[in-house]
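Notes to accompany the following structure.
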Amino acid sequence: MQKRWVLKPKKDVEKINKLRDELGVSSIIAELLLNREVETFEQARIFFRPSLNYLHDPFLMKGMDLAIARIEKAIGNNEKILIYGDYDVDGTTAVSVVYSFFRNFHSRIEYYIPDRYKEGYGISTAGIDYAHENGFSLIIALDCGIKANDKIAYANSKNIDFIIGDHHLPGDELPEAVAVLDPKRADCLYPYKELSGCGIGFKIIQAFILQNDMDMELAYQYLDLVAVSIASDIVPITGENRILAHFGLIKLNGNAGCGLQALINLSSHKTGQFTVNDIVFQIGPRINAAGRIDHAKDAVQLLIAKSLSEAKEFSVNIDDQNNVRKDFDLRITEEALSLLDNDAQQKTKKTTVLYKSDWHKGVIGIVASRLTERYYRPTIILTETNGHIAGSARSVLGFDLYEALSECSDLLDQYGGHKYAAGLTMQQSNVVLFQERFEEVVSRSIKPEMLQQEVLIEKDIKLSEIDSKFYRILKQFEPFGPQNEAPIFMTKHVTVAAPAYIVGSTHLKLTVKHEDSSTFECIGFGLGEHVNSINSGKSFDICYSIEENNWRGKKNLQLNIKAIRF
């Protein structure tokens, strides 16, 4: 599919020149900083030199004083405490961090992760019943609970107190918990609103340490897990998250906790430093696989392991589950693509809604994402589970999936999520009706340009402007992620310096030059279809990110081409 190239609007020239002169950098670097809302020397100093001293006081978070007081009371009275979290990476890392910390000060503490298939997302009645039957009087819920008003009321009736540490958007009324920690609360003045669920857990630990005049290094030892949550939950890597991710990656690459080290050892093909991208594609899926295939408590067991030998045992099990997940993922994706290819009507639709009763519920979200990438239209994958139809939905940039589902709500038993991802359930008798309604709603409201994937380009530059100094400063923009993406540049009218060729089955290798520039080696993943046009001798435009290629000890700058235009 041809991608739509979108060039970011140029920043004010006076602002560019002022920042360029203050920092002693190129105009390109100054403009990249302005695109990231870095406008002054002081903001640039904080951006380029992150410090843990810049982390906010956790007691600025509404309810933190109440939460710490209740935790201290529970420890003082020797109450049983249950650390409760969601079954995804953010939830399991949050539970691992908070449980690992407090078990050093309190012996009567356990953790609980709901079963994805029996209990579903968030706080469950079964979880509260477990706490009641086993004598727990305090539950600390992480990465969930902000809308669990009825469940918290149920817990209150059982004399179980709740502390909620969540980062999702609250409803109109907050649950009646002892403390509700969520920077997105309308009445919360905490300066940074985009912490992960694990990040909230980290702030609880920070607050406990401050309250008891302890060494903050006791919290910093968990920064690798916080970085894994930030990367995997795709929260913005700005402000406080950027600091946490920066130092978390340093710990991950230097002195990772036993559980994460065991997972890194499984990724033995990786050379060099682990990045946010490596977490997203190598560590995160393995942690997630536990909850998708068996039970997410297996992931927590791994992440709280006290020795590498213990962690290694758990990591092998996790890796096996991930291999099963990949097998399911591959088979279902192939079946879904076959259904699409054999249905002529699908080619004219604005949506993809596919149903097969034996597809594994644990991977339908992954399959929905893959099909969205392939055909770039709102996609829902449905399967049968526990006598009803469950679905996972993914959207395209700019289209509000949740709003479209709300127009089909009379056909659904339940639905929830946000603009770009959602889950839903319905009766089997409504599947065909839903397919028709969803197509009608999306066709009526989606703009044509939303159905074409876009490449957001930061700046049009010449290849001659790229050198080692430029790349060295660019590296300091890391860690990259949402709202601090690796910059994508555009250069027009490049030519090949040697014949292009295909590597693997679909990838393109080429060497390009532009005007009086030196030559640059390039890789274009999935762009092999352009090889003949490139070798015809015509000039062409490229958009790309800049990276360092390390092959057999030899390092050189390489352009990672995202799209080609003739």
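Read-outs: derived from the displayed coordinates by stated rules, not from any lab. Computed from a predicted model, the values in this text were never measured in an experiment. Virtual Cβ from ideal backbone geometry, glycine too; neighbours counted across all protein chains shown.
Between residue 60 and residue 221, the simple spin-label model (points 7 angstrom out along Cα→Cβ) gives 2.8 nm.
Work out, step by step, the length gained on full extension between residue 213 and residue 548: first 0.36 nm times the residue separation, then minus their alpha carbon distance; give nm to one decimal. Don't skip to the end; give the middle numbers.
Values: separation 335, 0.36 × 335 = 120.60 nm, distance 4.40 nm.
This chain segment gains 116.2 nm when fully extended.
Residues whose amide H lies under 5 Å from that of residue 497, counting only those 5 or more places away or on a different chain, are 511, 512, 513; hydrogens are built 1.01 Å from N in the peptide plane. With an a/c value of 1.5 or above and a/b larger than b/c for the gyration tensor axes a ≥ b ≥ c computed over the alpha-carbon atoms, segment 466-566 is described as prolate. Cross-link partners for residue 356 among the aspartates and glutamates, with Cα-Cα distance under 16 Å and sequence neighbours closer than 8 places in the same chain left out: 329, 334, 335, 341, 343, 384. For the chain, the relative contact order is 11 percent, taking Cα pairs closer than 8 Å that sit 6 or more residues apart in sequence and dividing their mean separation by the residue count. For the chain, the mean residue ellipticity at 222 nm estimated from helices alone is -12000 deg cm²/dmol, where every DSSP H run of n ≥ 4 contributes -39500 (n - 2.57) and the total is divided by all residues, rounded to the nearest 500. Compared with the direct C-alpha span, the chain from residue 35 to residue 280 gains 85.8 nm at full extension, assuming 0.36 nm per residue.
In terms of the Cα gyration tensor, with a ≥ b ≥ c the square roots of its eigenvalues, is segment 231-320 rounded because a/c is under 1.5, prolate because a/b exceeds b/c, or oblate? Since a/c reaches 1.5 and a/b is larger than b/c, the shape of segment 231-320 is classed as prolate.
Protection proxy ranking of 161-170, 438-447, 389-398, by the mean of other Cβ atoms within 10 Å over each peptide's residues and highest first, is 161-170, 389-398, 438-447.
The mean sequence separation of alpha-carbon pairs under 8 Å and at least six residues apart, normalised by the residue count of segment 159-247, gives a relative contact order of 23 percent. Taken along the Cα-to-beta-carbon direction at a fixed 7 Å, the label points for residue 432 and residue 340 span 2.4 nm. Of the GluC sites (Glu not before Pro) found in segment 154-262, the ones in coil according to DSSP and having at most 16 other Cβ atoms within 10 Å of their Cβ are 173, 176.
Under 5 Å from the amide H of residue 84 lie the amide H atoms of 112, 140, 141, 142, each residue being 5 or more positions distant or on a separate chain, with H modelled from the backbone and absent for Pro and chain starts.
Inter-label distance, residue 331 to residue 447: 4.2 nm, where each label sits 7 Å from its Cα along the C-beta direction.
Hey, which of these cross-link pairs are over 32 Å Cα-Cα: 147/347; 297/419; 18/469; 326/513; 11/349; 11/562?
147/347; 326/513; 11/349
For residue 508, nonlocal amide neighbours, meaning residues 5 or more places apart or on other chains whose placed amide H falls under 5 Å from its own, are 503, 524, 525, 526, 527, 528.
Here residue 554 is the anchor, and the aspartates and glutamates within straight C-alpha reach of less than 14 Å, apart from those fewer than 8 places off in the same chain, are 521. Trypsin sites (Lys or Arg not before Pro) within segment 490-548: which are DSSP loop residues with at most 12 other Cβ atoms inside 10 Å? Taking segment 490-548 and a limit of 12 other Cβ atoms within 10 Å, the loop trypsin sites (Lys or Arg not before Pro) found are 538.
Take every pair of alpha-carbon atoms less than 8 Å apart whose residues are at least six positions apart; their mean separation over the length of segment 187-313 yields a relative contact order of 22 percent. Distance between the C-alpha centres of segment 103-127 and segment 421-450: 34 Å, rounded to the whole angstrom. Overall, segment 58-317 carries a charge dipole of about 380 debye about its Cα centre when +1 sits on the Cβ of Lys and Arg and -1 on the Cβ of Asp and Glu, all other atoms neutral.
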